[in-house]
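Below: one structure, written as structure tokens.
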């Protein structure tokens, strides 16, 4: 038996909504509500467009709705639907209005744009052209490079790992008390997307050095300028990429 | 008999299966992931070790805390090893944490596969020459269900046996100074915060701790017939059920919590009491200050709970936290319990000096200062304007504070003037507010303290119109639309 | 009298142009007053080759209590650009249509082309008017910037006016001679005039683009902005060519959509079957040109973005990762709406022919793929999270959605979406035909094979180079992806052409048998296009942040701040509504004169 | 105006409205960074001078690298009062008469007075601080003034400097500091 179009519509939309909710309910990794809303608008629009692409199917889709209002035989069903719909609307409105006490959703740029220049360690840096001075040892002197990475690891575990984690996954043992959460380094969507000069800027200037869109008031990242030497910072950066198996982004070569 | 047989054969099977773990292959895994804390030779002396509390395990001793083999068996079972390394996901209720709760040992399940784990276990055993355990794990089948009677019996035993260390109400406020076998300071667990239990908080996990003890610490095995405090199996279950019942869920920080301040008519209370029942506690995780200046790596305080009341002119905060000691400098009993010199306990509430752009949560900056209300348990109360970590200035603005300490719980009431701009009629404002606490017996003073980041405080609420009004409005609008539609359809019909 | 309105407007506009020219040639007379003393370092150096960019203070900007200078310039620029796009696009479109008409020997094309060149006559006037307005507000509110730009670009300004005169002459010839040069060599000559018209128009745009791109990626000047004397270097700056290409393609797409909307409206108002058929056909043709141009547009956009990154990492990150990260989600949503509408129009078009029904069952699969592609495209890297969500996720990164937020995923999605939109078109083309060649099944199998292989290749390239290879190749992988898509489209089209050569009709094909719903899809495309152009114009300008000329000349005015996306959206919306109203007015004006062609 | 036209117009306006609402309400506002201030110092008065001073102190001047809670150098939150006692000290071998002069002098020749415990290792009479008016840091006269203004505000005394000392273009200096601070 073929389902009526309206039923198909409701089932498709309902099933997709259910699927989008699944990660949140069963895996504890919710898809943000803001995104589910956008997805659902797209899905509803697409299904509606497909179903109205021919006259026959348009007619079939809307017939039951039209019949509800126009067909005197369906007066009973209509009355029920007409009674229930405002109640549902009221319920939704209540839900939305009583959310007043929820703090507003925040949009924070995780990778805000760096300044073109910065001054640190008493001298200016041009972030656009800045390179990790230790990086070249990777090709030239593998042994020296390994020793830099090892030193970087030691610096990391003495200074950074409380927040950024043993596994470099941004889940150190103090991370739960911080908002925003410390950044992870593993994965393909964090430092793998950034050049070493960018990471250098973030380490040296820390949370207080973030631009407005990065939320400088909340970040617990210290400005490491006064705590680590320049060379130490570069070594830590070598370690971050080495441990996670990522490569720093090299803009110039991507032309 | 049959079950025991099966049990043993499973154990034997797993033991043989694990025997295949390769020490040589375990070494590189250890070197990459473990040595930073546990040290090159496994002596618990990696570069990070000095900053960790509890300190990382010294594998050369072969003493493991979280095992299920009996107290007189040194070796943990392989299942114990796997849990210690890979984590107990079912027990992790702190967001993002997948390892041993309250320690820096994460769960490695996402990094180490089964073979890697086996190899690393073999390597660890090799460090201390541990053999496979001779004795099977203790029986963890539930013997006594957590009934009212069981809990009551457990409470009695707890008072006799456990309260010396864990405190009368189990808040970790015992009368005994504790050290582990290596001499490191340890603090007894606050049993009202099960999410801080290292290896699980279900009655069965607590039962395991009672039965096995926590090797290397002063937590003994209560199954040891040599001990003066031996408890029978049923008694241990009773205590486990009682301890599990101590859970005070409100102390567990929620997700995205907002402090909802409640409006009262008339004056605000100066001290804790029944007036505060109108408001509900919101709790927040505390983290030690490791950003600037002197840093703290051995926090004793895990969370803080806050209630807020306000009237037209003033606002009052009730801040509650569990502190194992009332730290009064010079007091003999405080000195006995303290880790080093006794400093004063303290608490601080911080908010922006003016609304608009948020100031830096770590005491503001010269252009965006913060206001701080500060209290210490000798009665000191200060109102401060801070323009950066060490740039502070006392201001007088009618802030008062009063604190009390009872059975491991401290409550402090702050009262001060309400800022007009916090209550704008047209919009609900979220006032940033942060907290900091000092446990003086833990050497906390100045920059060494625990703290929260900015949280949100919202006053009043409901100014945007009652949810019921919105609901009613929606009902009416939709109904009218329906009628219009119906009328249109009728007309078309005709 | 009414008949003369456009003519009068044109005269007025010309007067204004002359006025503006005189200002241009004597900029110091206009700009020097009252502000000279505070130009700090530009003053001492002699005007001309060596002068570096002036350092301004707030006092150097004329104050206005009537309008906010920033908004006034923004609005004027926006209006001018929309009209300019219109008058550049429609002639391109018209010439293409005229050429098709000549090749196909189909009178309808010629009629449509003429209908449109007539409409654009009025639009030309408005373009000039808005252009003059734009120039005047710029000189009025930003005299020092204009002075500096002129000190470098003076020769190109002459070139600009030269092209302007040429274009105008060509336009008048093209329009006036339409009816006289109708046959044979005359028609070809007429077409050539049309091409000349377009060349002149495009040249104008290229010249103007040089000024705009110079402000974003200055070249030919030293670090302080002092002009080094090589005007070609300044013109041929890093972003000039990408911008030329992007604007050129976008103009064709835009022109098509405007014509489409016009046709759609006339379709809805048609009373006779014949009229309906004509406007349905016109809407279809316009839409086809529009969508055809839309297909390569994302690639031109990627080139532009890549060049922005290459010029300045800071500008690139501001654009894609910083404050404007969400702007691209908005863009994705709008382009999503655009493509869905385009597909929908094609799907509805299946009902024009009897044979179309065969293909309706496939619509849902195409829709599914397009929807999935869009879900990937508008999944942001920077998520909007409720605190409890951030807490549950343990940070701002989403374990499952995170990888979808990256460029490789989006590149892949865009390519797949383009391929499936192309498939919609292919089905539409086939709708009423039955292949007669004996090898048709093999041909179709080959098409299917090419198509599947292309998709597999695109996904492989995206996933492998995007996530598993060295980051250096990340963006580079988009080039082979694009190549794959273009190859698949062209190969399928070629095979299609041969399969259906001499094909027989499956049933009657009826222009005009189109549901009214479908016409709204065209309106949606036009409105979305206009709005999107406004928004992208905003972001192009906004990534300069507080610079007039990036890193060379600072904006020190009170309006130097970067507006938020929400604010920009409001300005763009107001602008769109005004522009749309003016376009309606133009159509109304040209409609008044009656459909005089052929009478 | 016919009904059809109104319908199409309403449809178009509805789409525009949907886009606008989506971008201005649904997407939470993310405010771009304010442009760095480019005012000439004398034009913005004392407050501007102080805020420039804070920027120089934390940025270009590199003062905050040592003068912080970590204690490599003395804290300067109450320097104005301390300066008066230092001038009176027998260890002082500079020529300043007022606290303001003392700071101006210390910025150029830091060893005029060395706070006990903060000298070079093994040489308590030489300060490890560089001359910040020249060399790598090279503060201009205005910047020195601004730092003094900032320190005066920190100490809670009246701001006495005017920022007019050099009378030359300072926008370059501000630009340099704001860029490094641009991210703040």
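Could you identify the single residue in A:23, A:86, A:32 that is under 30 Å from residue B:90 (Cα atoms) and modelled with pLDDT of 85 or more?
A:32
Test of understanding: among B:111, B:120, B:94, which residue is within 23 Å of residue A:168 (Cα to Cα) and touching a strand residue (DSSP E or B) at 6+ places or on another chain (Cβ under 9 Å)?
Answer to the check: B:94.
Hey, can you tell me all the residues within the stretch B:276-299 that are out of contact with any strand residue (DSSP E or B) (no Cβ under 7 Å at 6 or more places or on another chain) and assigned to a helix (DSSP H, G or I)?
Of everything in the stretch B:276-299, just one residue is out of contact with any strand residue (DSSP E or B) (no Cβ under 7 Å at 6 or more places or on another chain) and assigned to a helix (DSSP H, G or I), namely B:277.
Quick one: would you say residue D:73 is out of contact with any strand residue (DSSP E or B) (no Cβ under 7 Å at 6 or more places or on another chain), surrounded by fewer than 20 Cβ atoms within 10 Å (Cβ to Cβ) and over 27 Å from residue B:367 (Cα atoms)?
no
Where in the stretch C:358-432 are there helices (runs of 4 or more DSSP H), lying fully within it, with 3 or more residues that are under 26 Å from the mean Cα position of the chain (by Cα) and more than 14 Å from chain B (Cβ to nearest Cβ)?
C:360-377, C:407-430
Would you mind telling me which numbered condition in (1) within 14 Å of chain B (Cβ to nearest Cβ); (2) surrounded by fewer than 14 Cβ atoms within 10 Å (Cβ to Cβ); (3) farther than 24 Å from residue A:123 by Cβ residue D:95 fails?
Exception for residue D:95: condition (1).
Please go through (1) within 11 Å of another protein chain (Cβ to nearest Cβ); (2) in contact with a strand residue (DSSP E or B) (Cβ under 6 Å, 6 or more places away or on another chain); (3) closer than 19 Å to residue B:459 by Cα; (4) modelled with pLDDT under 90 for residue B:262 and return the number of the only condition it doesn't satisfy.
(1)
Considering only residues of the stretch A:244-255 that are in a helix (DSSP H, G or I) and at the interface with another protein chain (Cβ under 8 Å from one of its Cβ atoms), which is nearest to the chain's Cα centre (by Cα)?
A:254
So is residue A:166 free of Cβ contacts under 8 Å to residues at least 40 places away in the same chain, within 7 Å of another protein chain (Cβ to nearest Cβ) and touching a helix residue (DSSP H, G or I) at 6+ places or on another chain (Cβ under 6 Å) or not?
Considered against the rule, which asks whether it is free of Cβ contacts under 8 Å to residues at least 40 places away in the same chain, within 7 Å of another protein chain (Cβ to nearest Cβ) and touching a helix residue (DSSP H, G or I) at 6+ places or on another chain (Cβ under 6 Å), residue A:166 comes out as no.
Can you name the residue in the stretch A:169-193 that is within 16 Å of the chain's Cα centre (by Cα) and not in a loop (DSSP other than H, G, I, E, B) and, of all such residues, is farthest from the other protein chains (Cβ to nearest Cβ)?
The qualifying residue farthest from the other protein chains (Cβ to nearest Cβ) is A:191.
Is one or more of the residues making up the stretch B:177-185 surrounded by 22 or more Cβ atoms within 10 Å (Cβ to Cβ) and at pLDDT below 90?
No, the stretch B:177-185 contains no residue that is surrounded by 22 or more Cβ atoms within 10 Å (Cβ to Cβ) and at pLDDT below 90.
Listed here are the residues, each with its yes/no results for (1) touching a helix residue (DSSP H, G or I) at 6+ places or on another chain (Cβ under 8 Å); (2) in contact (Cβ under 8 Å) with a residue 40 or more places away in the chain.
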position	(1), (2)
D:76	yes, yes
D:81	yes, yes
D:84	yes, no
D:90	no, no
D:106	yes, no
D:122	no, no
D:131	yes, no
D:144	yes, yes
D:153	yes, yes
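Please indicate, with yes or no, whether at least one residue in the stretch A:87-95 is in contact with a strand residue (DSSP E or B) (Cβ under 9 Å, 6 or more places away or on another chain) and surrounded by 13 or more Cβ atoms within 10 Å (Cβ to Cβ).
no
Return the pair list, or none, for Cβ contacts closer than 9 Å from residues in the stretch C:571-588 that are in contact (Cβ under 8 Å) with a residue 12 or more places away in the chain to residues that are not in a helix (DSSP H, G or I), at least 6 apart or on different chains.
The qualifying pairs are C:571/C:563.
Each row is one residue, and each column tells you yes or no for (1) in contact with a helix residue (DSSP H, G or I) (Cβ under 9 Å, 6 or more places away or on another chain); (2) under 30 Å from residue C:244 (Cβ atoms); (3) touching a residue at least 60 places away in the same chain (Cβ under 8 Å).
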site: C:300; (1), (2), (3): yes, yes, no
site: C:310; (1), (2), (3): yes, yes, yes
site: C:323; (1), (2), (3): yes, yes, yes
site: C:337; (1), (2), (3): yes, yes, yes
site: C:349; (1), (2), (3): yes, no, yes
site: C:356; (1), (2), (3): yes, no, yes
site: C:372; (1), (2), (3): yes, no, no
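For the structure I just gave you, tell me whether residue C:514 is within 17 Å of residue C:573 (Cα to Cα) and in contact with a helix residue (DSSP H, G or I) (Cβ under 9 Å, 6 or more places away or on another chain).
The answer is no for residue C:514.
For residues that are outside any loop (DSSP other than H, G, I, E, B) and surrounded by 23 or more Cβ atoms within 10 Å (Cβ to Cβ), tally how many sit in the stretch B:211-250.
9
Identify all residues within the stretch C:297-314 that are within 8 Å of chain A (Cβ to nearest Cβ) and part of a helix (DSSP H, G or I); write none if there are none. Lay out the reasoning, then the answer.
Taking the stretch C:297-314 as the starting set, the residues that turn out to be within 8 Å of chain A (Cβ to nearest Cβ) are C:306, C:309-310, C:312-314.
Answer for the stretch C:297-314, where residues must be within 8 Å of chain A (Cβ to nearest Cβ) and part of a helix (DSSP H, G or I): C:306, C:309, C:310, C:313, C:314.
For the stretch B:389-408, how many residues meet the condition of being within 25 Å of residue D:153 (Cβ to Cβ), in a strand (DSSP E or B) and either under 31 Å from the mean Cα position of the chain (by Cα) or away from every other protein chain (no Cβ under 14 Å) (or both)?
Selection size over the stretch B:389-408: 1.
Run down B:463, B:421, B:444, B:482 and say which single residue is surrounded by fewer than 19 Cβ atoms within 10 Å (Cβ to Cβ), away from chain A (no Cβ under 14 Å) and either farther than 27 Å from residue B:357 by Cβ or at pLDDT below 90 (or both).
On the way: B:463 fails: away from chain A (no Cβ under 14 Å); B:444 fails: surrounded by fewer than 19 Cβ atoms within 10 Å (Cβ to Cβ); B:482 fails: away from chain A (no Cβ under 14 Å).
It is B:421.
Which of the residues that make up the stretch A:214-232 are buried (at least 22 other Cβ atoms within 10 Å of the Cβ) and more than 11 Å from chain B (Cβ to nearest Cβ)?
Passing the criteria: A:214, A:225.
Just for the stretch A:194-213: of the residues that are at the interface with another protein chain (Cβ under 7 Å from one of its Cβ atoms) and part of a helix (DSSP H, G or I), which one is farthest from residue D:29 (Cα to Cα)?
That would be A:205.
Have a look at C:271, C:285 and point out the one that is over 27 Å from residue C:156 (Cβ atoms) and surrounded by fewer than 21 Cβ atoms within 10 Å (Cβ to Cβ).
C:271
Restricting the search to the stretch A:27-55, which residues are surrounded by 15 or more Cβ atoms within 10 Å (Cβ to Cβ), closer than 30 Å to residue C:353 by Cβ and without any contact (Cβ under 8 Å) to a residue 24 or more places away in the chain?
A:42, A:45, A:46, A:49, A:50, A:52, A:53, A:54 - these are the residues of the stretch A:27-55 that are surrounded by 15 or more Cβ atoms within 10 Å (Cβ to Cβ), closer than 30 Å to residue C:353 by Cβ and without any contact (Cβ under 8 Å) to a residue 24 or more places away in the chain.
The values are calculated or read from the model by the stated rules, or taken from the named source; none is laboratory data. Bear in mind that the values here come from a model prediction, so they are computed numbers and not experimental data. As a convention, Cβ positions derive from the backbone with ideal geometry for all residues, glycine included, and neighbour counts pool all protein chains shown.
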